[in-house]
1. On the principal axes of its Cα set, how long, how wide and how thick is the range 94-177? Give whole Å, largest value first.
2. Please tell me the relative contact order of the range 98-177 in percent, rounded to the nearest whole number, where contacts are Cα pairs under 8 Å and at least six residues apart.
3. For residue 21, what charge total do you get from the other residues with a beta carbon under 14 Å from its beta carbon, if Lys and Arg give +1 and Asp and Glu give -1?
4. Lysine pairs, Cα distance under 23 Å, 8 or more residues apart or cross-chain: how many in the range 82-177?
5. At a 10 angstrom cut-off on C-beta neighbours, averaged per residue, how do the peptides 49-61, 29-41 rank from highest to lowest?
6. Of the listed peptides 153-161, 71-79, what is their order by residue-averaged count of other C-beta atoms within 10 Å, with the highest listed first?
7. So what's the projected area for the chain, the Cα convex hull averaged over all directions, in nm²?
8. Lys and Arg at +1, Asp and Glu at -1: add these up for the other residues within a Cβ distance under 14 Å of residue 11 and post the number.
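We did not get these values from a lab; they are worked out from the coordinates using the rules stated. Keep in mind the model is a prediction, meaning the values are calculated, not measured. Using ideal geometry, Cβ is built from the backbone for each residue, glycine included, and neighbour counts are taken over all protein chains shown.
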Amino acid sequence: MPAKIKYEQVDLLRSKLEKSAAVFVGEYRGMTVAQSTQIRAKVREVGGELKIAKNTLFAIAMKEAGMEPLPSSLAVGPNVYALCYKDPVAVAKVLRDYAVDKTQKAFILKGGLLGKVVLSTAQVQALADLPPREVLIAQTVRTIAAPLTGLVTALSGTLRGFVTCLSQIRDQKEKAA
């Protein structure tokens, strides 16, 4: 019979997973306390949370939360799970930057889960290369507004030409008078 604490851990993980938009997996073997504290703070700043849990308990919590199971290649070894509550791109950036940091060799980014899609390390890094959410929204708005701006420019060009023509006729009549 499993211990009561394991049921509580699974319930806690399940409740956090239900609020999470994405989960990223990394291996933390050999990380110092200072390094662990540093990466936790960075992830928390961008709206995420790092959780260390046994892989079997995390898999049970994912199943109870209705999420896709992680592939067996990701669920091996001492893993740290990054739960993304706000912007998955920002959390992926933090993890990618920390994984490629030359001053530490302990943290290895393994992959993740975005919605129902399992991501490889390369896909998580590609996700991290995306611009922030606000920039993507601005680019979308600019793309939608571009045809409207062109239409307004074209319509105002006709009116501007008409007003210029009237102004020239007025100037000619003033010179003739």
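1. That gives 89, 33, 15 Å along the principal axes, largest extent first.
2. About 11 percent, as a whole number.
3. The answer is +1.
4. 7
5. Working: 49-61: 17.6, 29-41: 13.8.
Put in order of decreasing packing, that is 49-61, 29-41.
6. 71-79, 153-161
7. Over all viewing directions, the chain projects a mean Cα-hull area of 16.5 nm².
8. Residues near residue 11 contribute +4 overall.
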